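Notes to accompany the following structure.
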Amino acid sequence: MISTFIASALWVVFMALVIIILGTMAIAGLSAAPWVPLWKKDIRRMLKLAGVKPGEKVYDLGAGDGRIIIIAAEEFGAVAVGYEMAVLPYCLAYIKIMLKRLKPKVSLKYANFFAEDLGDADVVCTFLSPAAMAKLRPKFEAEIKPGGRVVSFAFHIPGWEPTKVEKPNQKTTAVYLYQR
């Protein structure tokens with residue numbers, strides 16, 4: 001009897017976790033973009049195009065498993081901040097940051113980036129849906145400081161003219177750079 005109760009309780013806990021994980025991924029996907037990890041070579045393209053320098057603050061909106069913020073800190077010497085609101089990628093990123101001992105150079109926030117202040121960012125990285133980019137435009141206009149850069153993989157900011165577009169060939173996805 002007790003083992004049946006324990007098994008049932010474990011099943012309920014497991015299903016609750018699955019619902020939480022899938023629910024947060026659905027909310028994140030609908031509000032900004034589904035989690036689609038970038039190749040490290042594409043992350044390096046983004047950070048090089050943005051001209052990230054040691055000590056600069058790099059924000060990643062929708063940080064997923066933390067690839068951008070980890071590479072920004074390890075390879076470019078940046079202080080990196082990621083925002084993620086889906087539980088599974090957030091947990092994966094948090095574990096990677098802890099294992100690599102990147103705190104305090106890298107921080108990860110379980111938050112909706114639409115509600116966060118981006119005012120102290122030198123570079124903001126995005127790989128978000130066209131709808132999210134349109135929604136972010138007024139936020140960028142209000143909060144990105146003069147000289148600040150926005151670098152976006154695949155999708156442009158509607159109504160803004162990019163400073164540079166990097167697309168080496170037809171098979172390569174475009175990266176857009178905007179400077180305030």
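Readers should treat all values here as calculations from the given coordinates under stated rules, not as data from a laboratory. It should be emphasised that the depicted structure is a prediction, and the values quoted were computed from it without experimental measurement. Methodologically, a virtual Cβ is constructed for each residue, glycine included, from the backbone with ideal geometry; neighbour enumeration extends over all protein chains shown.
In terms of packing, defined here as the mean over residues of other Cβ atoms within 10 angstrom, the peptides 151-158, 130-137 line up highest first as 151-158, 130-137.
Label zone (E75, point 7 Å along Cα-to-C-beta; backbone nitrogen cut-off 11 Å) within the range 42-64: 42-49.
Subtract the Cα-Cα distance of S3 and K109 from 0.36 nm times their separation in residues, and report this length gain in nm to one decimal. Mind dumping the intermediate values first?
On the way: separation 106, 0.36 × 106 = 38.16 nm, distance 3.89 nm.
My answer for the length gained is 34.3 nm.
Place a label point 7 angstrom from the Cα of L99 along the Cα-to-Cβ direction, then list the residues of the range 66-86 whose backbone nitrogen is under 18 Å away. Flagged as within label range: 66-75. Coupling constants for the range 75-83 follow from the phi torsions by the Karplus curve (6.51 cos²θ - 1.76 cosθ + 1.60, θ = phi - 60°), and in residue order they are 9, 10, x, 7, 9, 10, 10, x, 10 Hz; glycine and proline get x. Taking label positions 7 Å along the Cα-Cβ direction at both V165 and A131, the computed distance is 2.4 nm, reported to one decimal.
Using only the C-alpha atoms, the convex hull of the range 40-179 corresponds to 105 Å³ per residue.
For T126, T173, the sequence from fewest to most other C-beta atoms within 10 Å is T173, T126.
For the peptides 34-43, 85-94, residues were scored by their other Cβ atoms within 10 Å and the scores averaged per peptide; the highest-first order is 85-94, 34-43.
Checked against a 31 Å cut-off, the cross-linked pairs K100/K171; K40/K164; K57/K167; K103/K171; K103/K167; K145/K171 give Cα-Cα distances beyond that limit for K100/K171; K103/K171; K103/K167; K145/K171.
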